[in-house]
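Everything on this sheet refers to the single structure shown next.
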Amino acid sequence: MAEDRVTIFDTTLRDGEQSAGIGMTGDEKLEIARQLARLRVDVIEAGFAASSPGDFEAVSTIAREVKGPVIASLARAHPNDVDQAWEALKGGENPRIHVFLSSSDIHIMHQLHKNREEVMDLAVSMVGRAKKYCDNVEFSPMDATRTTPEYLYQLLKAVIDAGANTVNIADTVGYAIPSHFARLLTDIQENVPNMHRAVLSVHCHNDLGLAVSNSLAAVQAGARQVEGCINGIGERAGNASLEEIIMGIRTRQDVFQVATNVDTTQIYPTSRMVSRITGMSIQPNKSVIGENAFRHASGIHQDGILKERSTYELMDPVSIGWPGNALVLGKLSGRAGLRARLEALGYMLSRDELDGVFEAFKLLADKKHEVTDRDLESLMAEEKRAATEPITYTLDQIQFSGGDHDIATATVRILGPNEAVYSDAATGNGPVDAVCRAIERATGVGAKLADFNVRSVTEGLDSIGEVMVRVDQDGKVFTGRGASTDIIVASAKAYVSALNRLISQEGLDNVPEPLTTPD
Ligand code: KIV
Ligand code: ZN
């Protein structure tokens, strides 16, 4: 008998991107989509094509370039949305159009200003329109869990007749409770006569902290597609955490008796990548992928773990791709060790990229006894900044002196346009001030320091310090970042980076002559 499978539908790039404060570039979305394909999710919702030209482009690029999973675009029940979704998806091998429309009376009356019949007609006609383009169509009744059940059954029947292959029960506001949600899914299967012709899916939000519990209860009640986001990101309190659902199903096979196609060893790298790109950090005690998820503090637990891992560890960290501490990175480490660790952290590098990072890693390892995962993440952020930021000036050398009785003094050497080399010195009110003044003198560019922030990446005196500065010129604010084991060097890098942004924004022609002549 064929194994019963649950389709894993990832919406990190669509609902996940709706998290407050997140904005991903097209390249970042493609990087995540490629990693989701390595994770072997079944469906990637790449975006909402009609929502913006950027989203359209991202959906279209991912549909063309990412092989393996089905690539979906969301579409409101509007002809133009459905057409745009298809335009973006049509170059791909495995497209799906995902149409949604509210079905609860609260939404129908207050938001759509329609009646139930009008909603039903619109849903049927837009599913039909999508079906003409694409054989794979999903329909989501939005706010399904607050929809009158009898109306929901009729709506589901109608859209399945119109060609929907998947119907997705959206718990849009996180209203469901596991036992009630399971009952709703059972009732749907008993009351929608053509339900056997479509896959029953669920999409749960986490407003009451129940998104994963509701999704798992739904699987037990017969749902065969689950939607969610990596790290549980998403609108408001987020979506169901996909990694928790996947590991729940795998760890409690005795209960669920279903499989997924996921390569669970890719969970950790995917989670780190999503956290890095979205800037949404993961709470240390987060299930499955939190920093403390496999750390044992109590003596009794440590004793048990040393005797037999399974005494206090429900999952083997190796099964989610946790890099562990087996490999200590330091100055004797080679490229292979560095590459393995970076991949475990979600960085997939070409040979050339690895060569560049390896040089920076060696410099760091010379200064630090052990290079930790957080150090590597900071180093990779520096590399990315160097590759993507506008660069007019580069800090080449810096020297400073000071003390509680000495005048802080700094000398800098800066590489400028057309291979020019500038150097100058300045005194200041403390070493950071002296360094910034020396940079201003050397480059001839200056701005008011509006904000200055230092943070240590790891514990310990040899930790990397990350500095963020904001400079203000005539009311326009530019941000710069820098990292180093020396916070004065990190500050200088951050200041140069902010000035580079200022110069790029203002146009190179406006760069004043440096106060000093090139060497
Ligand atoms: O939460 C929701 O209802 C959605 C739908 C578009 C599926 O995200
Ligand atoms: Zn949602």
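Sorted largest first by accessible area at a 1.4 angstrom probe radius, with every protein chain in place, the residues Thr311, Thr443 fall in the order Thr311, Thr443. Relative to the longest principal axis of the Cα atoms of the chain, the long axis of helix 431-443 makes an angle of roughly 80 degrees. With 0.36 nm allotted per residue and the present C-alpha distance subtracted, the Asp105-Thr251 stretch has 48.7 nm of extension available.
Helices in the chain, meaning DSSP H runs of at least 4 residues, each add -39500 (n - 2.57). Divided by all residues, the mean residue ellipticity at 222 nm is -12500 deg cm²/dmol.
Take the Cα of Arg40, go 7 Å toward its beta carbon, and the backbone nitrogen atoms of region 54-74 under 19 Å from that spot belong to 66-71.
Ranked by the mean number of other Cβ atoms within 10 Å per residue, highest first, peptides 423-432, 150-159 order as 150-159, 423-432.
Given their separation in residues at 0.36 nm each and the Cα-Cα distance between them, Asp474 and Arg116 gain 123.3 nm when the chain is fully extended.
Each residue of region 149-164 was assigned a 3J(HN,Hα) from its phi angle through the Karplus curve 6.51 cos²θ - 1.76 cosθ + 1.60 (θ = phi - 60°); the sequence is x, 4, 5, 4, 4, 4, 5, 4, 4, 5, 6, 5, 4, 7, x, 5 Hz, with glycine and proline shown as x. Can you work out the FRET efficiency for the pair Asp404 and Asp486, with r the C-beta to C-beta distance and R0 = 22 Å, to the nearest 0.05? Efficiency for this residue pair is about 0.70. Please work out whether region 282-370 counts as rounded, prolate or oblate from its C-alpha gyration tensor, where a ≥ b ≥ c are the square roots of the eigenvalues and a/c under 1.5 means rounded, while otherwise a/b larger than b/c means prolate and anything else oblate? It comes out prolate by the Cα gyration axes. The alpha-carbon of Lys67 sits under 18 angstrom from the alpha-carbons of these lysines, leaving out residues fewer than 8 places away in its chain: Lys29, Lys90. Our note on the geometry: Cα centres of region 184-253 and region 20-51, 20 Å apart. Here the contact order of the chain, divided by its residue count and restricted to Cα pairs under 8 Å and six or more residues apart, works out to 9 percent. With the simple spin-label model, which puts each label point 7 Å out from Cα in the Cβ direction, the Thr25 to Ala450 separation comes to 2.2 nm. Counting only heavy atoms of the protein chains and using a 1.4 Å probe, Arg455 has close to 130 Å² of accessible surface. Each residue of region 333-341 was assigned a 3J(HN,Hα) from its phi angle through the Karplus curve 6.51 cos²θ - 1.76 cosθ + 1.60 (θ = phi - 60°); the sequence is 6, x, 4, 5, x, 5, 4, 4, 5 Hz, with glycine and proline shown as x. Under a 5 Å amide H cut-off, with hydrogens placed 1.01 Å from N, Arg5 pairs with Ala259 among residues at least 5 apart or on other chains.
For Met273, the solvent-accessible surface computed with a 1.4 Å probe is close to 0 Å², ligands and nucleic acids excluded. Each of Leu342, Thr145, Pro390 was scored by the projection of its Cα onto the charge dipole of the chain, and the greatest displacement toward the positive side belongs to Thr145; charges sit on the C-beta of Lys, Arg, Asp and Glu. When only Cα pairs below 8 angstrom with a gap of at least 6 residues are kept, region 92-239 shows a relative contact order of 20 percent. Distance between the pseudo-spin-label points of Glu308 and Glu3 (7 Å out from Cα toward the beta carbon): 2.7 nm. Residue ranking by accessible heavy-atom surface, 1.4 Å probe, largest first, among Arg34, Arg276, Arg250 comes out as Arg250, Arg34, Arg276. Look at where the Cα atoms of region 71-107 and of region 299-334 average out, and the two centres are 44 Å apart.
In this view, the solvent-accessible surface of Arg116, computed with a 1.4 Å probe and all protein chains in place, comes to about 80 Å². Per residue, region 252-354 exposes 55 Å² of accessible surface when a 1.4 Å probe is rolled over the protein heavy atoms with every protein chain present. In a reduced charge model with +1 at each Lys and Arg Cβ and -1 at each Asp and Glu Cβ, the chain shows a dipole moment near 760 debye about its Cα centre. Taking 26 Å as the straight-line reach from the Cα of Lys307, the lysines in range (excluding those fewer than 8 positions away in the same chain) are Lys286.
Available extension along the chain between Val328 and Gln18 is 107.8 nm, counting 0.36 nm per residue and deducting the alpha carbon span. Given region 7-256, report the % of alpha carbon pairs whose separation exceeds 35 Å. The share of Cα pairs beyond 35 Å in region 7-256 comes to 7 percent.
Share of carbon and sulfur in the accessible area of region 242-357 stands at 50%, probe radius 1.4 Å. Angle of helix 351-367 to the longest C-alpha principal axis of the chain, folded into 0 to 90 degrees and rounded to 10: 50°. Take the Cα of Asn194, step 7 Å toward its Cβ, do the same at Asp135, and the gap between the two points is 1.8 nm. In region 389-505, Cα pairs under 8 Å separated by at least six residues give a relative contact order of 21 percent.
On the beta carbon distance between Lys90 and Val258, with R0 = 25 Å, the FRET formula returns roughly 0.15. Each peptide among 298-304, 391-397 gets the average number of other Cβ atoms lying within 10 Å of its residues, and from highest to lowest they stand as 391-397, 298-304. As a rough guide to protection, the peptides 22-31, 198-207 ranked by mean Cβ packing within 10 Å, highest first, stand as 198-207, 22-31.
The values are calculated or read from the model by the stated rules, or taken from the named source; none is laboratory data. As the structure is a computational prediction, the values presented were derived from the model and not from experiment. Cβ coordinates were reconstructed from backbone atoms using ideal geometry, including for glycine residues, and neighbour counts include every protein chain displayed. Ligands, DNA and RNA are excluded from the accessible area calculation, which covers all protein heavy atoms including side chains. Shrake-Rupley method; radii C 1.70, N 1.55, O 1.52, S 1.80 Å.
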